Amino acid sequence: VSSVTDGGLRPSCKVFFAADPIKIVRAQGQYMFDEKGEQYLDCINNVAHVGHCHPEVVKAAQKQMGLLNTNSRFLHDNIVEYAKRLSATLPDKLSVCYFTNSGSEANDLALRLARQFRGHQDVITLDHAYHGHLSSLIEISPYKFQKGKDVKKEFVHVAPAPDTYRGKYREDHTDTASAYADEVKKIIDEAHNSGRKIAAFIAESMQSCGGQIIPPAGYFQKVAEYVHRAGGVFIADEVQVGFGRVGTHFWSFQMFGEDFVPDIVTMGKPMGNGHPVACVVTTKEIAEAFSSSGMEYFNTYGGNPVSSAVGLAVLDVIENEDLQGNATRVGNYLTKLLNKQKAKHTLIGDIRGVGLFIGIDLVKDHQERTPATAEAQHIIYKMKEKRVLLSADGPHRNVLKIKPPMCFTEEDAKFMVDQLDEILTGLEEAFGAKTESVISENTPCRTKMPEEAHSELLSDGSPDPKENPSRKRNGLCTDKHSLLSKRLKT
């Protein structure tokens, strides 16, 4: 692969495992293969939602490509059928589809819809959020603008992430949902006092790059109430977490209860299994306000015949192979295995997640919850050596993020956990960490790392976290604590 300095690829694009990159030439199901034929278990790619190169999806694409692919201004059955199938998975009021080519395009359009609805401009976003790479989305993505030279725009308001492991209000608080929702209410009141008007609140249904944060039950309902009262709309970003990944429901926002329905839902990557197709679904009221403005929305290839055929095939595979059920079964099994590891290894501070969307928060100190950033980077490189592809992300890049293709099996889960167990054991032995069971969160289990050990740890080629490589949505991301039994009444 030629160096970016040779005038090839853009230098701002960081590859996975930059210190020791991997060249993948083929993939199938939940496995990827390098140029030497080595097989890797893929725990990263939520993009290949139903499995890499799924034969049914490939066949649908080839068949339609051999017939027609054209501008979306021509009539075609595929886009109509696809819109019907997608709408059927959502609550009744979400009935109007706008097709785009990427999740970023979808979120950009969602902002346009929200701003046109009542003529308001301001947006409330969550801390550490990432919603896409367009200029309009970098502006509302603290995950990005807090890392660069960009400053927060006056129309953007950042609410605390509803993180009950590291956040302002933790699991010992009597009502975390209300406490975090009141932070949003405070932002709205302050904006109104300054003569500003709220167009939208936007959040991933489960925050991905922010650290696998699962909001407490009731939080979204309360936020939606405050936002609606202010004349704004609620945008649920399902780009990473939709299409059955949580197992119990098709859409992640649905696990928070039937009384919570967003006004706009955005979706992307997984819906095409890697093929570029995305969508915004909203209410008739919002769609009519948008069209009455006289502004036409047209996307040349949004929902084109091939993209729609691919999308329909993905929906068929999810249903025919019961991948939603698989996400529940394998996700529960994997969470159980990881909780056993948490009791064994002091480096694991928290296991949180739902279905096949799980985070492992690594800490040096259980009481202080000090992020184990260097250790996380070391682990993902060691896992690669053991032919398991994992990523780390979050504000401190200390959370191991598991979001594999939905065909992931119990055998895959056990293999992954066994490798992780070996590496954690080696790390803890190397640094004299205590390995007795962690009785409770209040037990002061410390695995502090001396400076010389930190240097030695990184000498194997793992990148120093201070380098702060660009974190991509399909790459490096972290999470926050989630006691699901307390949070979700599903």
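The values are calculated or read from the model by the stated rules, or taken from the named source; none is laboratory data. Given the structure is predicted, the values throughout are model-derived calculations rather than measurements. For neighbour counting, all protein chains shown are included, and Cβ atoms are generated from backbone atoms with ideal geometry for every residue, glycine included. Side chains are part of the model used for accessible areas, which takes the heavy atoms of the whole protein and leaves out ligands, DNA and RNA. Shrake-Rupley method; radii C 1.70, N 1.55, O 1.52, S 1.80 Å.
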Qualifying residue in segment 97-118 (condition: part of a loop (DSSP other than H, G, I, E, B), under 30 Å from Ser291 (Cβ atoms), in contact (Cβ under 8 Å) with a residue 60 or more places away in the chain and out of contact with any Cys (no Cβ under 7 Å at 6 or more places or on another chain)): yes
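Mind checking which residues of segment 220-242 are among the aromatic types (Phe, Trp, Tyr) and open to solvent by 10 Å² or more (accessible area, probe 1.4 Å)? Walk me through how you get there before you give the answer.
Quick first cut of segment 220-242, residues among the aromatic types (Phe, Trp, Tyr) only: 220, 226, 234.
If the condition is that a residue be among the aromatic types (Phe, Trp, Tyr) and open to solvent by 10 Å² or more (accessible area, probe 1.4 Å), then Tyr226 is the only one that fits.
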Residue list for segment 48-75, restricted to those being aliphatic (A, V, I, L, M) and modelled with pLDDT of 95 or more: Ala48, Val50, Val57, Val58, Ala60, Ala61, Met65, Leu67, Leu68
Verdict on Gly294 being within 25 Å of Met406 (Cβ to Cβ) and either in a loop (DSSP other than H, G, I, E, B) or not β-branched (Val, Ile, Thr) (or both): no
Pairs where the first residue, in segment 257-283, is assigned by the TED database to the domain that holds Ile214 and the second is of a type in the set (Lys, Arg) and open to solvent by less than 10 Å² (accessible area, probe 1.4 Å), C-beta under 6 Å, 6+ apart: none
Matching residues, segment 34-46, being open to solvent by less than 30 Å² (accessible area, probe 1.4 Å) and at pLDDT 95 or above: Asp34, Tyr40, Leu41, Asp42, Cys43
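Please tell me if Arg166 is buried (at least 19 other Cβ atoms within 10 Å of the Cβ), basic (Lys, Arg) and outside any helix (DSSP H, G or I).
yes
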Cross-chain or 6+ apart pairs with Cβ under 6 Å, segment 313-340 first and assigned by the TED database to the domain that holds Pro405, then in a helix (DSSP H, G or I): Val330/Glu410; Val330/Ala413; Tyr333/Glu410; Tyr333/Ala413; Leu334/Ala413; Leu337/Val417
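May I ask you to list the residues in segment 321-341 that are out of contact with any helix residue (DSSP H, G or I) (no Cβ under 8 Å at 6 or more places or on another chain) and either open to solvent by 10 Å² or more (accessible area, probe 1.4 Å) or part of a loop (DSSP other than H, G, I, E, B) (or both)?
Glu321, Asp322, Gly325, Asn326, Thr328, Asn332, Thr335, Lys336, Asn339, Lys340
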Hey, Gly244 assigned to a loop (DSSP other than H, G, I, E, B), modelled with pLDDT of 95 or more, out of contact with any strand residue (DSSP E or B) (no Cβ under 7 Å at 6 or more places or on another chain) and not hydrophobic (A, V, I, L, M, F, W, C) or not: yes
Per-region count, segment 342-368, residues over 20 Å from Glu422 (Cα atoms), open to solvent by 10 Å² or more (accessible area, probe 1.4 Å) and part of a strand (DSSP E or B): 2
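Can you confirm whether Glu411 is among the charged types (D, E, K, R), surrounded by fewer than 23 Cβ atoms within 10 Å (Cβ to Cβ) and at pLDDT 95 or above? Break it down into steps so the answer makes sense when it comes.
On the way: among the charged types (D, E, K, R): yes; surrounded by fewer than 23 Cβ atoms within 10 Å (Cβ to Cβ): yes; at pLDDT 95 or above: yes.
When the stated conditions are applied, Glu411 passes them.
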Pair list, Cβ < 6 Å and 6+ apart or interchain, from segment 188-207 residues that are over 10 Å from Asp122 (Cβ atoms) to residues that are crowded, with 24+ Cβ neighbours inside 10 Å and among the polar types (S, T, N, Q): Ile202/Thr125; Ser205/Ser252; Met206/Ser252
So Asp172, is it in a helix (DSSP H, G or I), open to solvent by 10 Å² or more (accessible area, probe 1.4 Å) and farther than 14 Å from Gly394 by Cα: no
Residue ID - farthest from the chain's Cα centre (by Cα), chosen from residues in segment 108-121 that are crowded, with 23+ Cβ neighbours inside 10 Å and closer than 21 Å to Ala191 by Cβ: Phe117
Residue that is modelled with pLDDT of 95 or more, closer than 27 Å to Ile138 by Cβ and out of contact with any helix residue (DSSP H, G or I) (no Cβ under 9 Å at 6 or more places or on another chain), where the choices are Ala114, Ala88, Ala106: Ala106
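Find the residue count for segment 376-408, including only residues that are over 20 Å from the mean Cα position of the chain (by Cα) and open to solvent by 10 Å² or more (accessible area, probe 1.4 Å). Spell out the reasoning first.
So in segment 376-408, the residues over 20 Å from the mean Cα position of the chain (by Cα) come out as 378-379, 381-387.
Those still in the list that are open to solvent by 10 Å² or more (accessible area, probe 1.4 Å) too: 378, 381-382, 384-387.
Count: 7.
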Considering residues of segment 130-140 that are over 20 Å from Val281 (Cβ atoms) and assigned to a loop (DSSP other than H, G, I, E, B) only, the residue least open to solvent (accessible area, probe 1.4 Å): Tyr130
Residue within segment 409-427 that is in contact with a Gly (Cβ under 8 Å, 6 or more places away or on another chain) and not basic (Lys, Arg) present: no
Residue satisfying all of: in segment 252-279; touching a strand residue (DSSP E or B) at 6+ places or on another chain (Cβ under 8 Å) and farther than 25 Å from Asn299 by Cα; surrounded by the fewest Cβ atoms within 10 Å (Cβ to Cβ) among these: Met255
Single condition Val80 does not satisfy, out of (1) assigned by the TED database to the domain that holds Phe201; (2) in a loop (DSSP other than H, G, I, E, B); (3) of a type in the set (Val, Ile, Thr): (2)
Search result, residues across segment 417-431 that are closer than 29 Å to Gly167 by Cα and either buried (at least 21 other Cβ atoms within 10 Å of the Cβ) or among the aliphatic types (A, V, I, L, M) (or both): Val417, Leu420, Ile423, Leu424, Leu427
